[in-house]
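The values are calculated or read from the model by the stated rules, or taken from the named source; none is laboratory data. This structure is a prediction, so every number in the text was calculated from the model and none was measured. Cβ atoms come from the backbone with ideal geometry, glycine included; neighbour counts cover every protein chain shown.
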């Protein structure tokens with residue numbers, strides 16, 4: 001079990017570092033493009049950051065949607081059942 005947790009932790013760290021690198025490259029490229037078109041430095045920086053944050057937002061929303069869809073498909077989300085007394089209780093894990 002220790003190894004699984006370690007693999008998950010390393011995967012999260014690597015994907016975060018890769019995401020920051022890609023978003024930084026996108027932001028820098030967009031800023032350079034806007035500067036070449038004659039925009040001022042603050043406008044170019046704003047345009048670069050807006051694009052990078054927009055891409056990050058879309059990726060988070062897509063990832064969240066995929067995660068929910070996958071967990072629902074596998075039945076991994078907790079479900080409840082009413083007991084004889086009418087109280088809700090969690091189903092036991094299989």
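The conditions are (1) part of a helix (DSSP H, G or I); (2) at pLDDT below 95; (3) in contact with a helix residue (DSSP H, G or I) (Cβ under 7 Å, 6 or more places away or on another chain), and residue 77 fails exactly one of them. Which is it?
(1)
All but one of (1) part of a helix (DSSP H, G or I); (2) touching a helix residue (DSSP H, G or I) at 6+ places or on another chain (Cβ under 8 Å) hold for residue 11; which doesn't?
With respect to (1) part of a helix (DSSP H, G or I); (2) touching a helix residue (DSSP H, G or I) at 6+ places or on another chain (Cβ under 8 Å), residue 11 is out only on (2).
Among (1) at pLDDT 75 or above; (2) in contact with a helix residue (DSSP H, G or I) (Cβ under 6 Å, 6 or more places away or on another chain), which single condition is residue 63 missing?
Single failed check for residue 63: (2).
What number of residues in region 1-30 are in contact (Cβ under 8 Å) with a residue 40 or more places away in the chain and under 20 Å from residue 46 (Cβ atoms)? Before the answer, list the steps.
Keep residues of region 1-30 that are in contact (Cβ under 8 Å) with a residue 40 or more places away in the chain, which gives 19.
Next, only the ones that are under 20 Å from residue 46 (Cβ atoms) stay: none.
Matching residues across region 1-30 total 0.
Show the residue pairs that are 6+ apart or on different chains and have beta-carbon atoms under 6 Å apart, the first residue being within region 51-72 and in a helix (DSSP H, G or I), the second being at pLDDT below 95 and loosely packed, with under 11 Cβ neighbours inside 10 Å.
71/77
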